[in-house]
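The values are calculated or read from the model by the stated rules, or taken from the named source; none is laboratory data. Only a predicted model underlies this, so the values are computations on that prediction, with no experimental measurement involved. Note that each Cβ is placed from the backbone with ideal geometry, even for glycine, and that neighbours are counted across all protein chains shown.
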Amino acid sequence: MVIVIDPFVAGISGDMVLCSLVDLGANGNKIIRGVKSCEKFLPGSILKKIDFTKINKHGIDSTGLLLEIEEKSHERTGLELKQALTQSIEELHLSENAKNFTTSCIDTLIFAESKIHGIPKESVLFHEASSIDTLVDILGVAIAIDDLGIFDEKIVSMPIGVGGGTVNFSHGTMTNPASAVLEILKNTNLKIHGGIVKSELTTPTGVSILVNLTNTSIEYYPSMKIDSIGYGAGKKDFDNFSNVLKIVKGNEKNLDSDFVINLETNVDDVSGEILGNLIETIMKVGAKDVSIYHGITKKGRPTNLISVICNNDTIDKITETLISETGTLGIRVSSSERIIVPRTIHETQIFLGDKSFKVKYKISSFKGKSSFKIEFDDVKKIATSLDKSIKETDSLIRNEILKEDV
C-alpha cells in the first residue's frame, strides 16, 4: 500500500490533514470522543463544539472541521502542551506508533521555536500553537491514522505549496513562509514551492505532522491503483483554486519502486583518462550508477554524455564532483520513478583447491523465478589469487554456490 499526501496546490495545516484522513475513511466519531476526553489535560481550554462536516471548497466536495473553543488560560509553554498530549495518549491507550508520532510532532514544534529564538527548549513559549486546537490536530491525526491502520504503510509527499506575501504573528510581520515552517523542513528531503497566492498556505503544525509521517518527496504520483481519496478543507477560500489537501491511498505495482535523481551533463573537452577515473570517483561519493555515452552535438562536434543516478542525500556531493572533475558549466537535474526487482544480498564461504574465500552475491526474484549474480570485485580478487581468468573463476564460484541450492 502507498499513501500520497498532496499539498502541492493548497499547502498543509493540521486540521487539513485531520479532515483528509476522516474523508479517507477514519472514524470521525472516534476522533471526537478521543479529543473530548482529553480536554481536562489543558485547564482553561474549553471545547464548546467539535464536529466534522461536508463542505464544498471551490467545486470540491471535502470534509471540514467545525471547532469552537474558549481559552481562559495564558499562553502555554511547549512543555505544558507536550505534557497534555502525553497524558492524552496514555488515557486513550493508543498504539506505540501513535504514541511515538504524537510525541515527535510536539517535539518538532518545540525544537523549531527553540532554534529560531535561541532559547532552551524548556523556556519555549507557544503563542499561536498554545491553544487546544493544536492538541486537537496532532492527537486527532494520531487517532485517525491508528484507525486506518496506515502507520506502517509507505507514505510519500508531493512538494508543499507554502504561498507568498507576508504573515502576521506574535512577533510581528515577516515574509511567508514563517520561520518555524522553514526550520521544521530544514535538512529533510521534503520540497517546497511558492504556490499561486500571496497568502499563508502551510502552517508549522501542518509540516510538523508531515515530517513525522514521511521524509520522502516525489515529483509525480507513483504507479498505483487508487483505492480511496480524502479531501481535507482549509479555513481560507480562494478564487482560483480549491483550498483542500488531498490524501490518496492505493496499491503500487507488484514490483517495488522508488524515486531517484538523474543528473546529466555533456562534456566535449575531457580526456578518456579523466572520464575513466570520474566513474570510480562518483561511485565513491554515493552514486547508484554512472554511465558515459559518446555522441555528436551541434556542428558535428563529438561529445560525451555523463549520466548519474543518485538520491537526494548525495546529489550535492555528486554535482560538486562533476563540476570539479570535468569543468562542466551546467548539469541537468530530473527525478524519475525506478522499478526495482526484489533482491537479497548473501555471503558464503567457498573452497577452491586448497584455498578458502568469502563471496558476496545477489539473488533476484521475478514471477517465481530466481537468479543470482556474484559480486564482481570478489570474482576479480579470487581470479588474481588463483591466477585464472575472470570467466573461468566466475564459473567455478557459480558451481560452488549452486551446490547450496540457490
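I'm trying to understand the selection: among the residues of the stretch 20-61, which are crowded, with 18+ Cβ neighbours inside 10 Å and farther than 20 Å from residue 92 by Cβ? Walk me through it before giving the result.
In the first step, residues of the stretch 20-61 are kept if they are crowded, with 18+ Cβ neighbours inside 10 Å; the result is 20-24, 26, 28, 31-32, 34-35, 38-39, 41-42, 45, 47, 50, 52, 57.
Across the stretch 20-61, the qualifying residues are 20, 23, 24, 57.
Quick check: is even one residue across the stretch 51-59 assigned to a helix (DSSP H, G or I) and of a type in the set (Phe, Trp, Tyr)? Let's see the steps before the verdict.
Our first condition is that a residue be assigned to a helix (DSSP H, G or I); within the stretch 51-59, this holds for none.
No, that holds for no residue.
For the stretch 32-50, give me the residue count where each residue is in a helix (DSSP H, G or I) and over 19 Å from residue 203 (Cβ atoms).
As a first pass, look at the stretch 32-50 and keep what is in a helix (DSSP H, G or I): 32-37, 39-41.
Still in the running and over 19 Å from residue 203 (Cβ atoms): 32-34, 36-37, 39-41.
Selection size over the stretch 32-50: 8.
Tally up the residues in the stretch 280-302 that are more than 14 Å from residue 266 (Cα to Cα) and touching a strand residue (DSSP E or B) at 6+ places or on another chain (Cβ under 7 Å), please.
Of the residues in the stretch 280-302, 6 are more than 14 Å from residue 266 (Cα to Cα) and touching a strand residue (DSSP E or B) at 6+ places or on another chain (Cβ under 7 Å).
Just for strands (runs of 3 or more DSSP E) wholly inside the stretch 293-406: which have at least 3 residues that are touching a residue at least 60 places away in the same chain (Cβ under 8 Å)?
Working: elements: 302-310, 332-340, 343-352, 355-366, 369-374.
Answer list for the stretch 293-406: 332-340.
Give the residue, chosen from 217, 179, that is among the hydroxyl-bearing types (Ser, Thr, Tyr), touching a Ser or Thr at 6+ places or on another chain (Cβ under 7 Å) and closer than 29 Å to residue 333 by Cβ.
Testing whether each residue is among the hydroxyl-bearing types (Ser, Thr, Tyr), touching a Ser or Thr at 6+ places or on another chain (Cβ under 7 Å) and closer than 29 Å to residue 333 by Cβ leaves just 217.
Given the residues 216, 175, which is the only one that is among the hydroxyl-bearing types (Ser, Thr, Tyr), within 30 Å of residue 257 (Cα to Cα) and in contact with a strand residue (DSSP E or B) (Cβ under 9 Å, 6 or more places away or on another chain)?
216
Evaluate the following for residue 382: is it among the β-branched types (Val, Ile, Thr), over 31 Å from the mean Cα position of the chain (by Cα), at negative phi and outside the structural domain of residue 218 (by TED's automatic domain parsing)?
Details: among the β-branched types (Val, Ile, Thr): yes; over 31 Å from the mean Cα position of the chain (by Cα): yes; at negative phi: yes; outside the structural domain of residue 218 (by TED's automatic domain parsing): yes.
In short, yes.
Yes/no matrix, rows are residues, columns are (1) among the β-branched types (Val, Ile, Thr); (2) part of a loop (DSSP other than H, G, I, E, B); (3) more than 30 Å from residue 366 (Cα to Cα):
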{"site": "210", "(1), (2), (3)": "no, no, yes"}
{"site": "229", "(1), (2), (3)": "yes, no, yes"}
{"site": "269", "(1), (2), (3)": "no, yes, yes"}
{"site": "273", "(1), (2), (3)": "no, no, yes"}
{"site": "278", "(1), (2), (3)": "no, no, yes"}
{"site": "287", "(1), (2), (3)": "no, yes, no"}
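Answer with yes or no whether residue 354 is loosely packed, with under 15 Cβ neighbours inside 10 Å, over 35 Å from the mean Cα position of the chain (by Cα) and not assigned by TED's automatic domain parsing to the domain that holds residue 188.
Numbers: loosely packed, with under 15 Cβ neighbours inside 10 Å: yes; over 35 Å from the mean Cα position of the chain (by Cα): yes; not assigned by TED's automatic domain parsing to the domain that holds residue 188: yes.
It is true that residue 354 is loosely packed, with under 15 Cβ neighbours inside 10 Å, over 35 Å from the mean Cα position of the chain (by Cα) and not assigned by TED's automatic domain parsing to the domain that holds residue 188.
Only one of 205, 188, 175 is assigned by TED's automatic domain parsing to the domain that holds residue 115 and at pLDDT below 90; which?
Values: 205 fails: at pLDDT below 90; 188 fails: at pLDDT below 90.
That would be 175, the only listed residue that is assigned by TED's automatic domain parsing to the domain that holds residue 115 and at pLDDT below 90.
Can you tell me which of 249, 236 is assigned by TED's automatic domain parsing to the domain that holds residue 23 and either part of a strand (DSSP E or B) or in contact (Cβ under 8 Å) with a residue 60 or more places away in the chain (or both)?
Numbers: 236 fails: either part of a strand (DSSP E or B) or in contact (Cβ under 8 Å) with a residue 60 or more places away in the chain (or both).
On inspection, the qualifying residue turns out to be 249.
For a quick check of your reading of the model, give me the residue pairs whose first member lies in the stretch 21-33 and is more than 15 Å from residue 67 (Cβ to Cβ), whose second is modelled with pLDDT of 95 or more and loosely packed, with under 14 Cβ neighbours inside 10 Å, with beta-carbon atoms closer than 7 Å and at least 6 apart or on different chains.
Close Cβ pairs (under 7 Å, with a partner that is modelled with pLDDT of 95 or more and loosely packed, with under 14 Cβ neighbours inside 10 Å) amount to 24/228; 25/228.
If I ask for residues that are touching a strand residue (DSSP E or B) at 6+ places or on another chain (Cβ under 6 Å) and either in a helix (DSSP H, G or I) or not assigned by TED's automatic domain parsing to the domain that holds residue 155 (or both), which ones from the stretch 6-20 would you list? Walk me through how you get there before you give the answer.
Our first condition is that a residue be touching a strand residue (DSSP E or B) at 6+ places or on another chain (Cβ under 6 Å); within the stretch 6-20, this holds for 6-12, 15-16, 19-20.
Within the stretch 6-20, 15, 16, 19, 20 meet the criteria.
Yes/no per residue for (1) surrounded by 15 or more Cβ atoms within 10 Å (Cβ to Cβ); (2) over 22 Å from residue 106 (Cα atoms); (3) among the β-branched types (Val, Ile, Thr); (4) touching a helix residue (DSSP H, G or I) at 6+ places or on another chain (Cβ under 9 Å):
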residue: 181; (1), (2), (3), (4): yes, no, yes, yes
residue: 187; (1), (2), (3), (4): no, no, no, no
residue: 194; (1), (2), (3), (4): no, yes, no, no
residue: 213; (1), (2), (3), (4): yes, no, no, yes
residue: 218; (1), (2), (3), (4): yes, yes, yes, no
residue: 227; (1), (2), (3), (4): no, yes, no, no
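Condition test on residue 344, is it surrounded by 12 or more Cβ atoms within 10 Å (Cβ to Cβ), among the polar types (S, T, N, Q) and either in contact with a strand residue (DSSP E or B) (Cβ under 6 Å, 6 or more places away or on another chain) or closer than 30 Å to residue 220 by Cα (or both)? Outline the logic, then answer.
Details: surrounded by 12 or more Cβ atoms within 10 Å (Cβ to Cβ): no; among the polar types (S, T, N, Q): yes; either in contact with a strand residue (DSSP E or B) (Cβ under 6 Å, 6 or more places away or on another chain) or closer than 30 Å to residue 220 by Cα (or both): yes.
So residue 344 fails the test.
Can you find even one residue in the stretch 150-168 that is buried (at least 21 other Cβ atoms within 10 Å of the Cβ), of a type outside the set (Gly, Ala, Ser), within 11 Å of residue 11 (Cα to Cα) and at pLDDT below 95?
Yes, there is a match, as at least one residue in the stretch 150-168 is buried (at least 21 other Cβ atoms within 10 Å of the Cβ), of a type outside the set (Gly, Ala, Ser), within 11 Å of residue 11 (Cα to Cα) and at pLDDT below 95.
Tell me, please, whether a residue that is touching a residue at least 12 places away in the same chain (Cβ under 8 Å) and in a helix (DSSP H, G or I) can be found in the stretch 167-176.
no
Mind listing just one residue for me: the one in the stretch 196-209 that is crowded, with 21+ Cβ neighbours inside 10 Å and hydroxyl-bearing (Ser, Thr, Tyr) and, of those, farthest from residue 113 (Cα to Cα)?
It comes out as 202.
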